[in-house]
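Structure, as structure tokens:
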Amino acid sequence: MNIHQLSVNHDERQDRLLLRLNTQDQQEFRFWLTRRMALRLLPAIEQSAVRLEAAQPGVAATDGPSQNLLSELKRDAFLKKADFATPFENQATQWPLGAEPLLITDAHLTIKPGGSLEIAFEDKSDPAQARACQLHLQVSLVHGMLHLIQQAIEKAEWRSLASPAKSTDTGPVAPTEPPRYAH
């Protein structure tokens, strides 16, 4: 799946975040993130981004504070050149998971040897019809997704709640062209 754009918006009526991504071959994937899931997932994705940046060839940051600083610098550099102004394109011709967003009940993160992050989203809300989707994100996409989720959480005013405990697996895979991001 070659990711073209990402979008994360707060749906006030549902009180959930709608994560949408479209691909270069006009497929669209939609996911619901509840407040609880988003607040648990965010620190795990942040930690994965730090680990991905530290694993890049030629990087000598071995201690935690140095790795965090490196990740912040790389994220800032990425955000300066990322396209957040282009609106999300609603031109999908296929919805592999269906038109209704997948309600994320479980997420597994795995850092892959090639320097990407694999995120496995699962919807186990109905055991008779469990659905799943795996995303393979390069570090630039991870930074973009983090930025969009953080913005949506701020807009939803969810930060006032206590953050749940962090949880993580780890791993990566990747798209070839830099995607565009939309709000």
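If Ile153 satisfies all but one of (1) within 23 Å of Ala77 (Cβ to Cβ); (2) among the β-branched types (Val, Ile, Thr); (3) in a strand (DSSP E or B), what's the number of the condition it fails?
Only one criterion is unmet by Ile153, namely (3).
When region 83-105 is examined, which residues are found to be surrounded by 14 or more Cβ atoms within 10 Å (Cβ to Cβ) and not hydrophobic (A, V, I, L, M, F, W, C)?
Glu89, Pro101, Thr105
Could you run through region 120-140 and say how many residues are within 13 Å of the chain's Cα centre (by Cα) and either over 12 Å from Leu109 (Cβ atoms) or among the hydrophobic types (A, V, I, L, M, F, W, C) (or both)?
8
Condition test on Thr62, is it in contact with a strand residue (DSSP E or B) (Cβ under 6 Å, 6 or more places away or on another chain), exposed (fewer than 12 other Cβ atoms within 10 Å of the Cβ) and modelled with pLDDT under 90?
Against the criterion (in contact with a strand residue (DSSP E or B) (Cβ under 6 Å, 6 or more places away or on another chain), exposed (fewer than 12 other Cβ atoms within 10 Å of the Cβ) and modelled with pLDDT under 90), Thr62 does not qualify.
Please state which one of Glu122, Glu118 is surrounded by fewer than 19 Cβ atoms within 10 Å (Cβ to Cβ), more than 24 Å from Phe84 (Cβ to Cβ) and touching a strand residue (DSSP E or B) at 6+ places or on another chain (Cβ under 7 Å).
Glu122
Which residues, taken from region 125-138, are closer than 19 Å to Arg40 by Cα and surrounded by fewer than 19 Cβ atoms within 10 Å (Cβ to Cβ)?
Ser125, Ala132, Cys133, Gln134 - these are the residues of region 125-138 that are closer than 19 Å to Arg40 by Cα and surrounded by fewer than 19 Cβ atoms within 10 Å (Cβ to Cβ).
Considering only region 105-116, state which residues are in contact with a Lys or Arg (Cβ under 9 Å, 6 or more places away or on another chain) and either of a type outside the set (D, E, K, R) or at positive phi (or both).
Result: Thr105, Ala107, Ile111.
The values are calculated or read from the model by the stated rules, or taken from the named source; none is laboratory data. Remember, predicted model here, so these are calculated numbers, not experimental data. Note that we place each Cβ from the backbone using ideal geometry, even for glycine, and neighbour counts take in every protein chain shown.
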